[in-house]
Amino acid sequence: MTGLWRLFALGGVTATAVYVLDLSPVVNSACALALGAGTIVACFAGPRRLGAEPRRAWRLIGEASLVFLIGVLLRPIVTDAGLPLIADLFTVPGYVLLCAFFYSLLRARQSLEWHTVLDGLIVCLSSGLASTLLLAVPAMDTPGRSDVVSVLAGLYPLFDVVVLMLVLALTFTARIFPFSLITMLGTMAMLLTGDLAYAIIGASGHLYTSPMLDVPFLLAYTLLGVTALHPSAVMLGRPSRPPVPAWSGRRMALLIPALAIPFALVVSIGDTESHRWIIAVTGAVIVSLLLLRAIAAVKAQASAQHFAEHQATHDSLTGLPNRRMIADEVARLLGLLRPGGDQVWVVLLDLDGFKYVNDSWGHDTGDRLVIEVGERLRELVSPDVPVAALGGDEFLLACIGDKSCADQLLAAAHACFERPFVVRDVELKISASMGIASAGADGDAEELMRDADTAMYQAKSEGPGHATVFDRSMHDRVRERIELEVALRRALGDGELWVAYQPLVRMETGLPIGAEALVRWVHPERGPISPAVFIPLAEDAGLIGAIGNFVRQEALRQLAAWRADGTVDDDFYLSINVSARQLTDPDFPLVVSAELLSLGVPARCVALEMTETVMVDGSGATSRVVFELRELGVKLLIDDFGTGFSGLGYLRRFPVTGVKIDRSFVVGLGNDEEAGEIVRAIVAMSQALRLSVIAEGVETRVQRDALAAIGVTTGQGWLWGPAVPPAEFAAHWRASGTAATLAKTD
């Protein structure tokens, strides 16, 4: 769709050029029909594929294009037959549909204001006065032609002015001018040019003289098709309400000429009493509208001031009080306390897994989810309990009382997430981490909210859905977390991260068939930092994508070097972890393909490991990325299989090539019969689907033998060694086979 609008523009200009050559009526009709039909298809199909809203509005523009095309094709034919009104029967409804289209867009953009409507009426009255006296009235004097035809010929420019005014109204509140808005303005300008040309020849007694008269309409069709196909079409219907002065320069550029037209007409054609009366009455109406407009502008200014004040104290997404307003409210509640009496309790909520919602289904779905959470919280607590949205996916509740007050707030908050949320036909079951803090009469609002925030982060570290009451020791843990995040950001640039390699071993032979690339971090002062500590931190801090890119690039470079010097054979592969965030990037398969090509690494020698949540929460975009990666030829493995929610249905739906049994099931083999049954079930299911199976966390020969008896052929774990630097891996596992021999012996 991105380049389609360029092809359409080229085709439209070409068709117009051929039409101007006037080779024959058949060729002209074919050009007009092809261009018009293309525009109709573009108006119906383009916005739908782009997801442009409101959908009904874009259907209206498609219908307008259709009736306009019928009118254009019929006009030369019916004019020669003496029945020009037949073409008008199609053209006039086209203008009605155009007006309905722009009205729908204005409503969707929240751009309909009284002074905008009055501006339109003033411009339309003034233009209508000029069109009537200069074009329609002279055309009525043409002998041998009905008055209706003459009046319509003179009033078409007025129709265009009305439509053009509606388009200009879109620009009054536009923060930016997207390409589609510019082409839409061009469309209406071309329509006005064409109708003015027809009106001028109509005033001189003609209805149709040359194909050149149709060129503006053909160009209008071309621009309209480009508008519908260009990606910026989605921006035309989005709400856009920046504060625009009621007497802005753009508005005055329209109003001043409109107010001057009656005076110009008095001077130029006010030589008859009837003309003077028409001009005087119309001028009086325009002045009255101008006075109403001034009143409307004052009201609009007051409304804008109220809106600005509301926006300053309320969250723009949910409409709930924002951080600034709730801080004032908490301060007010603290001021009501007496020493030694009740306390103010604050509960701060943060949605768990909200990033996955945004990454999988898009930010629109995430925004809608936040709105519904806010609405549900407001319904579940009493009216005297303030509910605030702090931005992002955080909410805050507050009350005055003892511990039971906080318990009631917690109960309401938990109840909010008992039922799933249905957003855009997607059922989302989420939870929230909650922090609770309290303060007495000597408390500070900002400090109380900060304590609740600290407790919330502690709750989040304990797992989804937890609630934690603040204590002073948490400040030290939060400070530690912040310092570690800063150090991790620095480590990415300073080369403190490195990649270790742990063998994937064929249990029958004890020889490695591959290795997993694992990131390691050695802090210059703290020493080695466990991945269990810094990987969740990287996910929360938005660094997981950068770390994933570093590991992948370094691992592929190392594999290429090993293949070149004979350290590994041609069938050896590297397994590399990818995050859910990376799998939402539509360019990710292209990036991986380019890296493989540049390093000369075959795709079959690379396996990408993803978690089960990718399959469960996978959006259409994620699914496409996963399928494209498989089409490259890389292996796709499900890491930590059995710990999530995926099952047979997900494995059949996605093009995975293997699963890795989580270490929690392996550790009990030989002692725990239940663990053995789970592993047997996973192996049986995988074999039925022709998937490879790798057991993680193999540490003993007992576990190895139990896995082999079940049918697992490949293992990974400390039995064959930990993850080590590349040089040590190469020295240990090169052709000697020493480690393999040790692993096989009892």
Original post:
Which of the following residues is out of contact with any His (no Cβ under 9 Å at 6 or more places or on another chain), at pLDDT 90 or above and part of a helix (DSSP H, G or I): ALA731, ALA727, ALA740?
Top reply: ALA727
Subject >> Conditions (1) farther than 23 Å from GLY440 by Cβ; (2) without any contact (Cβ under 8 Å) to a residue 60 or more places away in the chain; (3) not polar (S, T, N, Q); number of the one not met by VAL357 >> reply: (2)
**OP:** Just name the residue that is surrounded by the most Cβ atoms within 10 Å (Cβ to Cβ) out of those in the stretch 547-599 that are within 27 Å of the chain's Cα centre (by Cα) and at pLDDT below 90.
**Re:** LEU583
Original post:
Can you pull out the residues in the stretch 437-451 that are within 33 Å of the chain's Cα centre (by Cα) and touching a residue at least 24 places away in the same chain (Cβ under 8 Å)?
Top reply: MET449
**OP:** Of the conditions (1) assigned to a helix (DSSP H, G or I); (2) at pLDDT 80 or above; (3) of a type outside the set (A, V, I, L, M, F, W, C); (4) open to solvent by 20 Å² or more (accessible area, probe 1.4 Å), SER316 clears all except one; give me its number.
**Re:** (1)
Subject >> Single condition GLY463 does not satisfy, out of (1) small (Gly, Ala, Ser); (2) over 30 Å from GLY362 (Cβ atoms); (3) without any contact (Cβ under 8 Å) to a residue 60 or more places away in the chain >> reply: (2)
Original post:
Of the residues VAL422, VAL385, which single one is within 26 Å of GLN343 (Cβ to Cβ) and surrounded by fewer than 19 Cβ atoms within 10 Å (Cβ to Cβ)?
Top reply: VAL385
**OP:** Please list, ordered by first then second residue, the pairs with beta carbon atoms under 8 Å, 6 or more apart or interchain, first in the stretch 307-331 and free of Cβ contacts under 8 Å to residues at least 60 places away in the same chain and within 22 Å of ARG368 (Cβ to Cβ), second open to solvent by 40 Å² or more (accessible area, probe 1.4 Å) and part of a helix (DSSP H, G or I).
**Re:** HIS314/MET325
Original post:
Can we say ALA220 is open to solvent by less than 20 Å² (accessible area, probe 1.4 Å) and either modelled with pLDDT under 75 or touching an Asp or Glu at 6+ places or on another chain (Cβ under 6 Å) (or both)?
Top reply: no
Original post:
Restricting the search to the stretch 334-364, which residues are modelled with pLDDT under 90, open to solvent by less than 30 Å² (accessible area, probe 1.4 Å) and in contact with a Ser or Thr (Cβ under 9 Å, 6 or more places away or on another chain)?
Top reply: ASP352, VAL357, ASN358, SER360, GLY362
Original post:
Is there a residue being outside any strand (DSSP E or B), charged (D, E, K, R) and touching a residue at least 12 places away in the same chain (Cβ under 8 Å) anywhere in the stretch 510-524?
Top reply: no
**OP:** Please tell me if GLU379 is within 30 Å of the chain's Cα centre (by Cα), surrounded by fewer than 18 Cβ atoms within 10 Å (Cβ to Cβ) and modelled with pLDDT of 90 or more.
**Re:** yes
Original post:
Which one is nearest to GLU53 (Cα to Cα) among residues in the stretch 184-194 that are open to solvent by 10 Å² or more (accessible area, probe 1.4 Å) and touching a helix residue (DSSP H, G or I) at 6+ places or on another chain (Cβ under 6 Å)?
Top reply: LEU185
**OP:** Inspect the stretch 708-716 for any residue being modelled with pLDDT of 90 or more and out of contact with any Asp or Glu (no Cβ under 9 Å at 6 or more places or on another chain) and give the result as yes or no.
**Re:** yes
**OP:** Would you point out which residue out of ASP451, ASP476, ASP471 is surrounded by fewer than 16 Cβ atoms within 10 Å (Cβ to Cβ), part of a helix (DSSP H, G or I) and of a type in the set (Asp, Glu)?
**Re:** ASP476
Subject >> Answer from LEU632, LEU651 - the residue that is at pLDDT below 85 and aliphatic (A, V, I, L, M) >> reply: LEU651
Original post:
If we only count strands (runs of 3 or more DSSP E) wholly inside the stretch 348-426, which ones have 1 or more residues that are among the aromatic types (Phe, Trp, Tyr)?
Top reply: 394-401, 421-423
Original post:
Within the stretch 152-183, which residues are at pLDDT below 70, open to solvent by 20 Å² or more (accessible area, probe 1.4 Å) and part of a helix (DSSP H, G or I)?
Top reply: LEU152, LEU155, LEU158, VAL161, LEU164, LEU168
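The values are calculated or read from the model by the stated rules, or taken from the named source; none is laboratory data. If you're wondering where the values come from, they're calculated on a predicted model, not measured in any experiment. Note: ideal-geometry Cβ built from the backbone for every residue, glycine included; neighbour counts use all protein chains shown. SASA here: full protein model, heavy atoms, side chains in, ligands and nucleic acids out. Shrake-Rupley method; radii C 1.70, N 1.55, O 1.52, S 1.80 Å.
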